[in-house]
Amino acid sequence: MPNAATPRLPTLTRLSSAFPPLRFSQREIYDGLLRHWYAEVPNAWELMENVRVRHRHYAWDPREELAERSPGTARRMAAYKRAVLAVGGESLRGTLEGVDRATIGSFVMASCTGYTGPTPELLLARDVGLRADLRRTFIGHMGCYAAFNVLKTAMDSLAARPDEPVLVNCSEFSSLHYRPERTREQAVIHALFGDACASALVSMEGPGVGVQLVRSRTEQLYATHELMTWDVLDDGFIMTLSPYVPFVIAEHIGGLLGRLLGPEGLELGDVRHWVVHPGGPKILDVVGDKLRLTGDDLGPSYRVLEERGNCSSTTVLLVLEEVLRSRSPARGEYGVMLAFGPGLTMESMLVRF
Amino acid sequence: MDEETIFAQVTEAIVRSNRDVAHATIHADASLVADLGMDSMRLAALIGELKARFGDVDLTGWYVTTARHGADTVRGLVDFLCRALAAAP
């Protein structure tokens with residue numbers, strides 16, 4: 001029986017990722033498609049290199065799919081349904097290996113890169129054999145920070161039903177939204193985003209069992225809502241991304257961290273591991289600069305950016321997976337997860353390993 | 001600090017952070033991104049210059065206006081700094 005000294009907390013006990021089988025280097029995509037599109041954009045290849053992405057996975061090959069025209073939204077959504085069931089299912093099966101599926105009470109999923117109905121989490125729950133009285137939640141269109149909404153929903157579920165583990169998933173396929181506007185802004189976006197899925201199991205546990213979710217904090221900067229947008233068009237979705245986004249985050253990140261850590265009696269120096277969403281290289285630079293982090297602190301974020309790209313809501317879970325793999329956090333050490341997206345919204349989570 | 005001085009300081013900061021831009025090409029209605037071609041790396045250098053010159057001023061209010069394409073003009077930046085510095089304690 002847990003006591004006051006060892007409280008049970010929502011704890012991420014399993015985590016696994018999956019990727020579409022297509023994987024291309026930045027040069028392959030540039031030479032095969034973007035060189036032609038961005039012939040009039042100054043220094044287009046330099047721009048592709050500056051985002052620091054080296055490889056990405058793709059749900060389809062944009063060089064073939066967009067060779068002649070921009071596919072309509074229906075065609076893109078059909079590809080989304082195929083990808084989310086295949087790759088999302090693969091990551092779920094990885095997480096569920098050896099788990100009694102009848103114990104799972106809730107399933108929460110986020111995705112902002114496609115729609116289908118019944119929603120993907122129902123089809124995936126059916127495919128992996130979850131029980132018929134499962135509580136399901138699908139979180140759509142929120143963007144790069146939505147892993148936090150998934151985890152916060154899991155925390156709320158566990159507060160109400162502490163003995164029912166929650167399965168969570170993020171599945172994103174940004175490559176389905178390549179579009180042919182010949183602008184520098186779209187060139188940056190097409191240089192940056194990749195496809196990936198990640199799943200995790202969250203249950204109420206004492207210390208030492210997994211990654212404990214200690215507390216979260218969300219802050220919306222309402223006045224900045226025009227700086228990043230994600231809208232649906234007849235031929236896929238379109239993102240707008242102001243180059244000023246990293247600097248807004250820089251102005252506010254220090255205050256956010258103070259308000260996240262302060263109630264626990266912690267300071268920045270108490271945080272040993274940083275799980276920062278690599279929205280782009282400049283976001284990592286400004287966060288690192290403002291929080292006085294080292295290159296080693298942000299190593300997992302940069303490695304995910306370089307080898308996977310920005311995979312929207314999935315990305316911060318990929319970074320957490322990389323932190324667990326490469327840094328082997330010691331029991332009791334603190335970490336902070338951070339992600340940013342439309343709103344502008346800043347999400348933060350204090351975790352204990 | 002009067003508006004003319006702030007304009008001169010901003011112009012000098014733009015040139016220092018963006019060596020491709022000649023002093024003479026910077027005019028009040030030029031957009032930093034659309035007309036002067038500044039990317040996030042150069043914007044970062046400019047913002048560092050501005051904060052060094054104007055005392056770590058919070059630029060969030062100006063970033064908000066920049067969301068409209070081409071609205072990040074030199075004049076807009078100077079006007080924002082004039083108001084922010086006048087309001088500073």
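The values are calculated or read from the model by the stated rules, or taken from the named source; none is laboratory data. All figures in this text were calculated on a predicted structure; none of them were measured in a lab. Virtual Cβ from ideal backbone geometry, glycine too; neighbours counted across all protein chains shown. Ligands, DNA and RNA are excluded from the accessible area calculation, which covers all protein heavy atoms including side chains. Shrake-Rupley method; radii C 1.70, N 1.55, O 1.52, S 1.80 Å.
For peptide A:233-246, the mean count of partner chain Cβ atoms within 10 Å of a residue's Cβ comes to 3.
Mean separation of Cα pairs under 8 Å and 6+ residues apart, divided by the residue count of chain A: what relative contact order is that in percent? Dividing the mean separation by the residue count of chain A yields 25 percent.
For segment A:308-322, the Karplus equation 6.51 cos²θ - 1.76 cosθ + 1.60, evaluated at θ = phi - 60°, returns couplings of 10, x, 7, 9, 6, 4, 5, 4, 5, 6, 5, 5, 4, 4, 5 Hz by residue, with Gly and Pro reported as x.
Look at the stretch A:182-190: the mean tally of other chain Cβ atoms within 10 Å of its residues' Cβ atoms is 1. For chain B, the per residue solvent-accessible surface stands at 51 Å², with DNA, RNA and ligands left out and a 1.4 Å probe. Note on B:E12 and A:R182: their simple-model spin labels are 4.1 nm apart, each label 7 Å out from Cα toward Cβ. Just checking the listed ones, A:L268, A:L284, A:L318: in the Gaussian network model of chain A with Cα springs under 10 Å, the one fluctuating most is A:L268. Phi angles across segment A:212-228 convert, under the Karplus curve 6.51 cos²θ - 1.76 cosθ + 1.60 with θ = phi - 60°, into 3J(HN,Hα) values of 7, 8, 7, 7, 10, 8, 10, 9, 9, 9, 4, 5, 9, 5, 8, 6, 8 Hz, Gly and Pro given as x. Each semi-axis of the equivalent ellipsoid for chain A is √(5λ) with λ an eigenvalue of the Cα gyration tensor; in descending order they amount to 32, 25, 17 Å.
Loop sites here are GluC sites (Glu not before Pro) outside DSSP states H, G, I, E and B with no more than 16 other Cβ atoms within 10 Å. The longest part of chain A free of them is A:98-180. Taking a ≥ b ≥ c as the square roots of the eigenvalues of the Cα gyration tensor of segment A:66-222, is the shape rounded (a/c under 1.5), prolate (a/b larger than b/c) or oblate? Cα axes put segment A:66-222 in the prolate bin.
In terms of the Cα gyration tensor, with a ≥ b ≥ c the square roots of its eigenvalues, is segment A:192-234 rounded because a/c is under 1.5, prolate because a/b exceeds b/c, or oblate? Oblate, because a/c is 1.5 or more while a/b does not exceed b/c. Note on B:H23 and A:T229: the model spin-label points, each 7 Å out from Cα along the C-beta direction, lie 4.0 nm apart. Taking the accessible area of chain A, probe 1.4 Å, and keeping the other protein chains in place, the carbon and sulfur fraction comes to 49%. Taking amide hydrogens as placed 1.01 Å from N in the peptide plane, the amide H of A:R215 sits under 5 Å from those of A:L350, each at least 5 positions away in sequence or on another chain. Subtracting the Cα-Cα distance of A:V209 and A:R101 from their residue separation scaled by 0.36 nm leaves 37.0 nm. If a/c stays under 1.5 just call it rounded; otherwise compare a/b with b/c (prolate if a/b is bigger, oblate if not). Do that for segment A:1-119, with a ≥ b ≥ c from the square roots of the Cα gyration tensor eigenvalues. Prolate. Taking every protein chain into account, the accessible area of chain A amounts to 38 square angstrom per residue (probe 1.4 Å). Listed values for segment B:29-46 are Karplus-derived 3J(HN,Hα) couplings in whole Hz (6.51 cos²θ - 1.76 cosθ + 1.60, θ = phi - 60°), namely 8, 6, 7, 4, 8, 6, 9, 8, x, 7, 9, 5, 5, 6, 4, 4, 5, 4, and x replaces Gly and Pro.
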